[in-house]
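Take a look at the structure below.
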Amino acid sequence: MKIMVIQGPNLNMLGVREQNVYGPMKLEQIHEQMRGFASQNGIEIEFFQSNLEGEIVDKIQECLGDADGIIINPAAYTHTSIAIRDALAAVSLPAIEVHISNIHAREEFRQKSLIAPVCAGQISGFGPFSYHLAMVAMLQILNEIKA
Ligand code: DQA
């Protein structure tokens, strides 16, 4: 079983950007924790970060035949990208949307997600722990599909 983790724009700046909102943890540290959880559970995991919408669309398309599920933090594209939504709908793999901050408690423009409707669910507001919760949820989904 393989999970693809896709990180959108500016998430490469975690640990530097707006620490009051996103905390001090770097993206690589979050990925290290996810890698640990994946190996404990015998799952393959791959990480991809891009600041470019088209590269994210390409990576989602590449998941077809390569990954069993997608964990995605589309970052700012959450609120704007029909292309990313359409790519997720096209591959039709189980997907979980993740946010570090609680987007529903922030500016009005962040409260709408174009991506969530094509995902199994959205996890938002638990800091870096949101990614761990997404891993647990993805395991559950993939085990249900397998059973
Ligand atoms: C974010 C929330 C988005 O609104 C924002 O543009 C981000 C990060 C989060 O993880 O909390 O870049 O996706």
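No lab work stands behind these numbers, since they all come straight from the coordinates. Since we're looking at a predicted model, the values are computed, not measured. Every residue, glycine as well, gets a Cβ built from its backbone with ideal geometry; the counts of neighbours run over all protein chains shown.
What the table below lists for this structure:
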quantity: Matching residues in region 79-122 - criterion: being basic (Lys, Arg) and within 9 Å of the ligand (Cβ to nearest atom); calculated: Arg106, Arg110
quantity: Ile145 more than 10 Å from the ligand (Cβ to nearest atom), over 12 Å from the mean Cα position of the chain (by Cα) and more than 20 Å from Ile3 (Cβ to Cβ); calculated: no
quantity: Identity of the residue in region 64-78, of a type outside the set (A, V, I, L, M) and within 12 Å of the ligand (Cβ to nearest atom), that ends up nearest to Leu142 (Cα to Cα); calculated: Asn73
quantity: Within region 12-28, considering residues that are in a helix (DSSP H, G or I) and free of Cβ contacts under 8 Å to residues at least 60 places away in the same chain, the one farthest from Ile103 (Cα to Cα); calculated: Glu28
quantity: One residue from Gly127, Gly36, Gly42 being touching a residue at least 60 places away in the same chain (Cβ under 8 Å) and either in a helix (DSSP H, G or I) or not hydroxyl-bearing (Ser, Thr, Tyr) (or both); calculated: Gly127
quantity: Scope region 1-50; condition loosely packed, with under 15 Cβ neighbours inside 10 Å, at positive phi and more than 12 Å from the ligand (Cβ to nearest atom); matching residues; calculated: Gly42
quantity: Count of residues meeting criterion [under 21 Å from Pro24 (Cα atoms) and either within 16 Å of the chain's Cα centre (by Cα) or acidic (Asp, Glu) (or both)] in region 103-134; calculated: 13
quantity: Residue within region 60-72 that is more than 12 Å from the chain's Cα centre (by Cα), within 25 Å of Asn20 (Cα to Cα), among the aliphatic types (A, V, I, L, M) and buried (at least 18 other Cβ atoms within 10 Å of the Cβ) present; calculated: no
quantity: Residue list for region 73-105, restricted to those being in a loop (DSSP other than H, G, I, E, B), touching a helix residue (DSSP H, G or I) at 6+ places or on another chain (Cβ under 7 Å) and not polar (S, T, N, Q); calculated: Pro74, Pro94, Ile100
quantity: Residue count, region 106-124 (criterion: exposed (fewer than 13 other Cβ atoms within 10 Å of the Cβ) and in a helix (DSSP H, G or I)); calculated: 3
